[in-house]
Amino acid sequence: MHPILEEFCDKWVWPTMPGAPGAEFRLKLTHEKCLAAWETLLERTVRDIEEELTTNDEGWKRDHALRGYAAEGVQMSIKQMSAQLLSVDIGEQENYIDLQRMRARQIWDECKHSKLHADVLLGKGWVKNERELMNIAQANVQPLPAYFGLSMMFPHIHPLARAAQNYYTEANACLGIMAYIKLVDDPLVVHEHLSQRDEELMHFMEGKFQLDFYCTTPESQHHVEDALGYLLHQIGGFGRSPQPAAAK
Amino acid sequence: MSLRVDHDRCTECRMCYIVCRELDINAVYVALEPLHRIEIDLDACTYPGCTACLMYCPAAGSIVEAATGRSMVPPPADAWQS
């Protein structure tokens, strides 16, 4: 196991509330499905960073910030996650009200994260103001519109399908952040990631909590497995996004 | 023995509040004064009998043992392994 993944698991994945009714299911999912995917994506991220650090060109930092800006704020948080709040029926709101509040907060967390990517672009002088990003296609598209959003929601509409998204996908975010902080010493890049760290970990914990507390029956576990299967199916898409011609 | 929040580390994400409420212990609450911050009711908290909040807190060092100041996040092995 990669040392970064091992550290992440030791600190945040393995610690388990004694008696948590869904913990056995979560740990089974982790061992059978999540670990391999987390490792694959982490290794890909580390390899990308190491390659990028061998160049004197800072263009990769620009590309990374543009992709992050698109993925976190513009495309995902506002458009997709706000609509995701409506996936809980009125009659079910009472049962999931805390999760709804957490999701409402996550929208703003993700918007903040897009601002952190903008900080890099502004700080490096690649854009003069955030408005300029409207004219850069790369800042407004992402290759996986479905991984945490609307098209994910429609076939996986049960509120507990979010648990798979929060647990699996946000762990990937946490691992990527750990890799960037560990390997890159550019203060702006560190800022870009360090200021997201606890929030992404909170989003992961939301998934961990849902799995441990709510996924206690085959019916509820099915929704998680179904959504996780979809997310794992998309693993090949998590690499570098192609740079649209208009952004060059 | 009980737990307290280190407000220099806490991000006010409320995971501890949600977990404590789910377990109907309700030791974690929002103190209206001075800043609507998360606090732990020492009388209601059943630590070390319950360590649930520690398992879901994402902010390292934000929950500590009240008596010793020992950081409990991420949770040390003795908080969850028997």
Kindly establish whether A:LEU66 is closer than 30 Å to A:TRP126 by Cα and either part of a helix (DSSP H, G or I) or open to solvent by 30 Å² or more (accessible area, probe 1.4 Å) (or both).
yes
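Table: residues versus (1) at pLDDT 90 or above; (2) in a helix (DSSP H, G or I); (3) over 13 Å from the mean Cα position of the chain (by Cα); (4) crowded, with 21+ Cβ neighbours inside 10 Å.
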{"residue": "A:ASN95", "(1), (2), (3), (4)": "no, yes, yes, no"}
{"residue": "A:LEU99", "(1), (2), (3), (4)": "no, yes, yes, yes"}
{"residue": "A:GLN106", "(1), (2), (3), (4)": "no, yes, no, yes"}
{"residue": "A:LYS115", "(1), (2), (3), (4)": "yes, yes, yes, no"}
{"residue": "A:ARG131", "(1), (2), (3), (4)": "yes, yes, yes, no"}
{"residue": "A:PRO145", "(1), (2), (3), (4)": "no, no, no, no"}
{"residue": "A:ILE157", "(1), (2), (3), (4)": "no, no, yes, no"}
{"residue": "A:CYS174", "(1), (2), (3), (4)": "yes, yes, no, yes"}
Of the residues that sit in region A:208-248 and are under 19 Å from A:LYS33 (Cβ atoms), among the small types (Gly, Ala, Ser) and within 19 Å of the chain's Cα centre (by Cα), which one is modelled with the lowest pLDDT?
A:GLY237
Could you tell me how many of the residues in region A:171-210 are of a type in the set (Phe, Trp, Tyr) and over 30 Å from A:HIS223 (Cα atoms)?
1
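Condition check ((1) under 23 Å from A:LEU27 (Cα atoms); (2) exposed (fewer than 14 other Cβ atoms within 10 Å of the Cβ); (3) not β-branched (Val, Ile, Thr)) across all residues:
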| position | (1), (2), (3) |
| --- | --- |
| B:ASP8 | no, yes, yes |
| B:GLU12 | no, no, yes |
| B:TYR17 | no, no, yes |
| B:VAL30 | no, yes, no |
| B:PRO34 | no, yes, yes |
| B:VAL64 | no, no, no |
| B:ARG70 | no, yes, yes |
| B:ASP78 | yes, yes, yes |
Could you figure out which of (1) open to solvent by less than 40 Å² (accessible area, probe 1.4 Å); (2) on the phi > 0 side of the Ramachandran plot isn't true of A:GLY19?
(1)
Filter region A:93-142 down to the residues that are in contact (Cβ under 8 Å) with a residue 12 or more places away in the chain and β-branched (Val, Ile, Thr), then identify the one that is farthest from the other protein chains (Cβ to nearest Cβ).
A:ILE136
Taking the conditions exactly as written (touching a residue at least 24 places away in the same chain (Cβ under 8 Å), within 14 Å of another protein chain (Cβ to nearest Cβ) and acidic (Asp, Glu)), does A:GLU7 satisfy them or not?
yes
Picked from region A:184-197 (must be surrounded by fewer than 21 Cβ atoms within 10 Å (Cβ to Cβ) and within 14 Å of chain B (Cβ to nearest Cβ)), the residue nearest to the chain's Cα centre (by Cα) is A:ARG197
Those residues of region A:34-56 which are in contact with a helix residue (DSSP H, G or I) (Cβ under 8 Å, 6 or more places away or on another chain) and open to solvent by 70 Å² or more (accessible area, probe 1.4 Å) amount to A:GLU50, A:LEU53
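The values are calculated or read from the model by the stated rules, or taken from the named source; none is laboratory data. A quick note: this is a predicted structure, and the numbers were derived from the prediction, not measured. All Cβ positions, glycine included, derive from the backbone under ideal geometry; neighbour counts span all protein chains shown. Keep in mind that these areas ignore ligands, DNA and RNA; they rest on the heavy atoms of the full protein, side chains included. Shrake-Rupley method; radii C 1.70, N 1.55, O 1.52, S 1.80 Å.
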